[in-house]
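To keep things clear, I will list the structure first and then write my remarks on it.
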Amino acid sequence: MANVWFMSDAHLGHKNICNFRSNFDTIDEHNDTIKENYHKVVTKRDVVFMLGDMCFTKEHLQDIKTWTAEKKVLICGNHDLERGITMKDLCDTYDAVYSLHKYKGMWLSHAPLHPQELRGKYNVHGHMHFDKIDDPKYLNVCMEHTDYHPIDLNEVRKRLDIKEKVYK
């Protein structure tokens, strides 16, 4: 059975990433760890929602194109269109590209939404790295909060304390 995965803020190819993620000694160690962790769990039948700021170079964008998954969906982040990467490049890499996406009772976004915009839904987001919003409607899936692994839909529901399936 196919799984649905979520991840955010991989920052692949970010030349100064080790200044922010001091648990890595080199940029290559950082990039390789995230890629290896991804491939430990994601299969060719899975869907992966990537909630922005995935990579900082065209080289790493081309690499993501080869990553295993039935479907890779990007929710654009504030760093996705930098360093010569264009929207066409993103559309050529991912199966779908959104600025905001509604999925099973959740808003998927890069940065967290304003509380008035939730409209009864949860918000799965990234962008904040080490911080969390102290509200049970929000879940930060930045790499720092997921031990540098994608997390699956069941884990998202568990962390949000969603007891029933929501398909709004």
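The values are calculated or read from the model by the stated rules, or taken from the named source; none is laboratory data. All values reported here derive from a predicted model rather than from experimental measurement. Cβ coordinates were reconstructed from backbone atoms using ideal geometry, including for glycine residues, and neighbour counts include every protein chain displayed. SASA here: full protein model, heavy atoms, side chains in, ligands and nucleic acids out. Shrake-Rupley method; radii C 1.70, N 1.55, O 1.52, S 1.80 Å.
Once a ≥ b ≥ c are taken as the square roots of the eigenvalues of the Cα gyration tensor of the range 59-107, is the result rounded (a/c under 1.5), prolate (a/b larger than b/c) or oblate (a/b not larger than b/c)? Numbers along the way, then the final one.
Values: a/c = 2.48, a/b = 1.34, b/c = 1.86.
It comes out oblate by the Cα gyration axes.
Mind putting a number on the dipole of the range 73-168 about its Cα centre? Charges go on the C-beta only, +1 for Lys and Arg and -1 for Asp and Glu, and I need it in Debye to the nearest 20.
Details: 14 positive and 15 negative charges, 117 e Å.
Rounded to the nearest 20 debye, it is 560 debye.
At 7 Å along the Cα-to-beta-carbon direction for both Asp135 and His114, put a label point, then send me their distance in nm to one decimal.
If labels sit at Asp135 and His114, their model points lie 1.1 nm apart.
Order Arg21, Arg119, Arg159 by their accessible area, 1.4 angstrom probe, all chains in place, largest first.
Numbers: Arg21 0, Arg119 165, Arg159 100 Å².
Sorted descending by solvent-accessible area, the residues read Arg119, Arg159, Arg21.
Using a Förster radius of 30 Å, what is the FRET efficiency between Lys102 and Glu59 based on their Cβ-Cβ separation? Nearest 0.05, please. Please report the intermediate quantities before stating the final value.
Working: r = 32 Å, r/R0 = 1.08.
E between Lys102 and Glu59, to the nearest 0.05, is 0.40.
Please report the antiparallel percentage of the DSSP beta bridges confined to the chain, to the nearest 5.
Antiparallel: roughly 20 percent of the beta bridges in the chain.
Carbon and sulfur together cover what percent of the accessible area of the chain at a 1.4 Å probe radius? Please report the intermediate quantities before stating the final value.
On the way: 4260 of 8700 Å².
The value for the chain is 49 percent carbon and sulfur by accessible area.
Build a GNM of the chain with springs between Cα atoms under 10 Å: which of Lys72, Lys40, Lys102 gets the top mean-square fluctuation?
Judging by the Gaussian network model, the answer is Lys40.
Taking DSSP loops as anything outside H, G, I, E and B, show the longest stretch in the chain free of GluC sites (Glu not before Pro) there with at most 16 other beta carbons within 10 Å. Show your work: numbers first, answer last.
Numbers: sites that count: Glu70, Glu82, Glu164.
It works out to 83-163.
Let me spell out the model: positive unit charges on the Cβ of Lys and Arg, negative unit charges on the Cβ of Asp and Glu, origin at the Cα centre of the chain. What dipole size does that give, in debye rounded to 20?
Numbers: 24 positive and 26 negative charges, 176 e Å.
So the magnitude is around 840 debye.
Can you tell which of Phe56, Val97, His39 lies farthest toward the positive end of the dipole of the range 1-101, using +1 and -1 charges on the Cβ of basic and acidic side chains (Lys, Arg; Asp, Glu)?
Projecting each Cα onto the dipole axis, the largest value belongs to Val97.
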